[in-house]
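*Asks:* Below you'll find the structure I mean.
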Amino acid sequence: RVGREEEIEVKTLPVRVERMRKLADDVMELTLKLPASARLRFLAGQYIDILLKDGKRRGFSLANAPFNDQLLELHIRHVPGGQFTSYVFNEMKEKALLRIEGPLGSFHLRDSKRPVILMGGGTGFAPLKGMLEQLMEQGLTQPVVLYWGVRAQKDLYIDSVVRSWVSRHPQLSYIPVLSAPTADDQWQGRTGYVHAAVAADYPDLSGYDVYMSGPPPMIQAAKAAFVAQGLPEEQLFFDSFEYSPDTLKAIQAAQVAAS
């Protein structure tokens, strides 16, 4: 994950899987319970590492806000051939024990009066969800717009929840963007790349804070486009969801086999 660690105490803790809930065919919500005497002090948008028995680790964003820290919420996408995500989807049971390390990363909300643009690709929505919950808890004093880019409508895995937030908060706007809608979607909304939708709507980004998270190609394309449209680099915050080397090898092997 990209970003330096902030001056927050990083802890290694045992956790128990409190709940597993499929949000989509390939997205699992994992709710983790800390020991009764422990709390993880974190900032909205940060992530944790899950420590595997072979010494490897997998990073996942915290999808809940710090004010609601009794449980930790993760959104885990099933990566075909991925060691840990395959375990989550095929073998893991509730009450399983894991070890985590965190909080990690410099992707978190800053104290600013500028209007906010949040842009997520796929499960890059997870840390933005934590940020949104934190902003709503604080009262949404400035305009906030969420762009969520996915392939098809089924990938907007908690779309109804976001729309319920919008109905209750006049300062919050929501723009889902589909890159490959299916015929069954009968989609009437925005299509294409999510960063292109932001760039089209905001030709001058100089007065905004932009937070974005998701696949590296999206992050790279958005950085170039947004800076070209006046966004100061110190007002751009991002988390690039890099695959671990062995997961990347598994994905490439699966792609070769499929071809």
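*Asks:* Taking ASN90 as the residue in question, decide whether it is among the polar types (S, T, N, Q), at pLDDT 95 or above and more than 27 Å from TYR211 (Cα to Cα).
*Replies:* Criteria met by ASN90.
*Asks:* When you scan region 82-161 for strands (runs of 3 or more DSSP E) that lie fully inside it, which ones turn up with 1 or more residues that are in contact with a helix residue (DSSP H, G or I) (Cβ under 7 Å, 6 or more places away or on another chain)?
*Replies:* 116-121, 144-150
*Asks:* Kindly evaluate LEU140 against the criterion of being open to solvent by less than 20 Å² (accessible area, probe 1.4 Å) and modelled with pLDDT under 95.
*Replies:* yes
*Asks:* Tell me, yes or no, whether region 160-167 has at least one residue that is touching a residue at least 12 places away in the same chain (Cβ under 8 Å), surrounded by 12 or more Cβ atoms within 10 Å (Cβ to Cβ) and among the basic types (Lys, Arg).
*Replies:* Checked region 160-167: no residue is touching a residue at least 12 places away in the same chain (Cβ under 8 Å), surrounded by 12 or more Cβ atoms within 10 Å (Cβ to Cβ) and among the basic types (Lys, Arg).
*Asks:* Let me ask something else. Any residue in region 63-80 that is of a type in the set (S, T, N, Q) sitting within a Cβ distance under 6 Å of a residue that is open to solvent by less than 10 Å² (accessible area, probe 1.4 Å) and modelled with pLDDT of 90 or more? List the pairs, counting only those 6 or more apart or interchain.
*Replies:* Once the first residue is of a type in the set (S, T, N, Q) and sits in region 63-80, its partners that are open to solvent by less than 10 Å² (accessible area, probe 1.4 Å) and modelled with pLDDT of 90 or more give ASN64/GLY130.
*Asks:* Which of the residues spanning region 180-210 are closer than 19 Å to GLU233 by Cβ, surrounded by 14 or more Cβ atoms within 10 Å (Cβ to Cβ) and in contact with a Pro (Cβ under 8 Å, 6 or more places away or on another chain)?
*Replies:* Those that are closer than 19 Å to GLU233 by Cβ, surrounded by 14 or more Cβ atoms within 10 Å (Cβ to Cβ) and in contact with a Pro (Cβ under 8 Å, 6 or more places away or on another chain): TYR208, ASP209.
*Asks:* Does region 176-184 contain any residue that is modelled with pLDDT of 95 or more, on the phi > 0 side of the Ramachandran plot and over 20 Å from the mean Cα position of the chain (by Cα)?
*Replies:* Checked region 176-184: no residue is modelled with pLDDT of 95 or more, on the phi > 0 side of the Ramachandran plot and over 20 Å from the mean Cα position of the chain (by Cα).
*Asks:* Can I ask one more? Report the residue count in region 203-239 for those that are assigned to a helix (DSSP H, G or I), over 23 Å from THR141 (Cβ atoms) and in contact with a Phe, Trp or Tyr (Cβ under 9 Å, 6 or more places away or on another chain).
*Replies:* Final tally of qualifying residues: 7.
*Asks:* Let me ask something additional. Give me a count of the residues in region 86-139 that are closer than 18 Å to LYS22 by Cα and free of Cβ contacts under 8 Å to residues at least 12 places away in the same chain.
*Replies:* Count: 4.
The values are calculated or read from the model by the stated rules, or taken from the named source; none is laboratory data. What you see is a predicted model; the values in this text were computed from it and never measured. Cβ: placed from backbone, ideal geometry, glycine included. Neighbour counts: every protein chain shown. Heads up: the accessible areas ignore ligands, DNA and RNA and are worked out on the full protein's heavy atoms, side chains in. Shrake-Rupley method; radii C 1.70, N 1.55, O 1.52, S 1.80 Å.
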